[in-house]
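Colleague: For reference, the structure I am asking about is given below.
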There are 2 protein chains.
Amino acid sequence: MAKPSKENTPITEHLAYLLAQANREINRQLELRLSKEGVPVEQWRILKVLSDGDGHSMGELAEAVLLNHPTLTKMIDRMVSDTLVYRVQDPNDRRKVLMFISDRGKVLCKKLNSLAVDQEEHILESYGDKSTSELKRLLESLIDSSN
Amino acid sequence: MAKPSKENTPITEHLAYLLAQANREINRQLELRLSKEGVPVEQWRILKVLSDGDGHSMGELAEAVLLNHPTLTKMIDRMVSDTLVYRVQDPNDRRKVLMFISDRGKVLCKKLNSLAVDQEEHILESYGDKSTSELKRLLESLIDSSN
DNA sequence: TTGAAAATATTGAATATTCAAGAATTGAAG
DNA sequence: CTTCAATTCTTGAATATTCAATATTTTCAA
């Protein structure tokens, strides 16, 4: 009997592919909702992270919103132009820049949050409560086990 | 009692974010392995889809490998230069181009497959057999329910 | 204290992706 | 048949991302 081989598994059965596909689909839906306010998903993430009111360094932010450093810098430049966020030099470590959300940013963030909640509710409806929370649990644990 | 609100759920609890994070992590690992052969993940996907030996139109391919049309065209241009794949005009519908994998492409694809299998096995080890198949199942069903 | 190494953020050039327009072919209605 | 809309793919310009290099500040060992 031949040794069972996984080498010609169709692409659609690879975990990496399923994740990419699901991510693409969910992201597309979210993008569609947020486009009502003309804001890309990454900017919503940034606003959401900053909305705790604390100052976050660029490095911290980049990690949290899944962007690499130079990309974040340029996106923040745009958001500063739009007066959604602002930079403050960290007094304790002057290499760092602390990012803060502005009042305008807070207002926008609230609107975006409710658009995002709409989507999550839509997913809950079509996909189910149980599946959703189970999926979240598994994803968290996958992420954990990858570090 | 206040109405329970999901509007200030931390970003890390959103399904869209968890998917993005997991996708990023797994993709990074896969990228690292495939970089041994100097091939981006998307090219591996293309080779894998074409490795059934049939001709696939650009539209079909774009859908299958999660790239939009112009991006795919340009990536295919590179792969044609590298003689990994080749174009044939579809005799039944001359608007279409059918893509085929070359012999050189097949050889490369085999090497890439085994690198990818390495990764899947690594995931199985650290994450577990049960979790992996359960996660795959849930992802498939999420993708289904999104169409 | 000094000087070298590490950490942090930005910049500019190279590369890649996307959007909108174009070219070729097919389908289908009049 | 003819013409007009739809489909398929490619192209070029605009935009975004990435890589490598730079500037600044901090850390730490000698």
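Here, each number is a calculation from the coordinates, and none is a lab measurement. All figures in this text were calculated on a predicted structure; none of them were measured in a lab. Because the Cβ atoms are built from the backbone with ideal geometry, glycine has one as well, and the counts that use them run over all protein chains shown.
Colleague: For the protein assembly as shown, what number results from the quotient of the Cα radius of gyration and 2.2 N^0.38 Å? Each step should come with its number before you reach the end.
Modeller: On the way: Rg = 21.6 Å, N = 294, 2.2 N^0.38 = 19.1 Å.
After normalising by residue count via 2.2 N^0.38 Å, the value is 1.13.
Colleague: Can you give the convex hull volume per residue for the Cα atoms of the range A:1-91, as a whole number of Å³? Could you put the intermediate results ahead of the total?
Modeller: On the way: hull volume 13.5 nm³, N = 91.
Convex hull volume per residue, Cα atoms: 148 Å³.
Colleague: Considering the rotational relationship between chains B and A, which residue of chain B contributes the beta-carbon of minimal distance to the axis, and what is that distance to the nearest Å?
Modeller: Per the B/A rotation axis, the closest residue of B reads B:ASN23, 2.
Colleague: With angles folded into 0 to 90 degrees, how steeply does helix B:41-50 sit against the dominant principal axis of chain B? Use alpha carbons for both and round to 10.
Modeller: Rounded to the nearest ten degrees, it is 60.
Colleague: Given the options B:GLU25, B:GLU42, B:GLU134, which has the most mean-square fluctuation in a GNM of chain B, springs set between C-alpha atoms less than 10 angstrom apart?
Modeller: B:GLU134
Colleague: Helix A:103-127: angle to the longest alpha-carbon principal axis of chain A, degrees 0 to 90, nearest 10?
Modeller: 10
Colleague: Give me the percent of DSSP beta bridges within the protein assembly as shown that run antiparallel, rounded to the nearest 5. Numbers along the way, then the final one.
Modeller: Details: 14 of 14 bridges.
Among the beta bridges of the protein assembly as shown, antiparallel pairing accounts for roughly 100 percent.
Colleague: Label position 7 Å from Cα toward Cβ: report the copy-to-copy distances for A:LEU32 in nm, one decimal, ordered from shortest.
Modeller: Nearest first, the other copies' label points are 3.6 nm away.
Colleague: For the range B:58-133 and the range A:85-137, compute the distance between their C-alpha centroids and round to whole Å.
Modeller: 35
Colleague: Could you pull the Rg and Dmax for the range A:29-145, using just the Cα atoms, both in Å?
Modeller: So, for the range A:29-145, Rg and Dmax equal 16.0, 49 Å respectively.
Colleague: On to the next question. Using a label point 7 angstrom from Cα along Cα-to-C-beta, what distances in nm, from shortest up, separate B:GLN89 from the other copies?
Modeller: Result, one decimal in nm: 6.5.
Colleague: A further question on this structure: Could you state the angle between the C-alpha long axis of helix A:129-145 and the longest principal axis of the C-alpha atoms of chain A, as a value from 0 to 90 degrees rounded to the nearest 10?
Modeller: 80
Colleague: With an 8 Å cut-off on Cα pairs and a minimum separation of 6 or more residues, tell me the relative contact order of chain A in percent. All intermediate terms of the calculation are to be shown ahead of the outcome.
Modeller: Details: 105 pairs, mean separation 30.4, N = 147.
Once divided by the residue count of chain A, the mean separation gives 21 percent.
Colleague: Here's a follow-up. Anything over 18 Å Cα to Cα? Flag those among A:LYS48/A:LYS110; A:LYS48/A:LYS96; B:LYS48/B:LYS130; B:LYS110/B:LYS136, in the order listed.
Modeller: Numbers: A:LYS48/A:LYS110 9 Å; A:LYS48/A:LYS96 20 Å; B:LYS48/B:LYS130 26 Å; B:LYS110/B:LYS136 23 Å.
Pairs exceeding 18 Å: A:LYS48/A:LYS96; B:LYS48/B:LYS130; B:LYS110/B:LYS136.
Colleague: How big is the dipole moment of chain A about its Cα centre under a simple scheme where the beta carbon of each Lys and Arg is +1, that of each Asp and Glu is -1, and everything else is neutral? Debye, nearest 20, please.
Modeller: Details: 21 positive and 23 negative charges, 75 e Å.
That gives a dipole near 360 debye.
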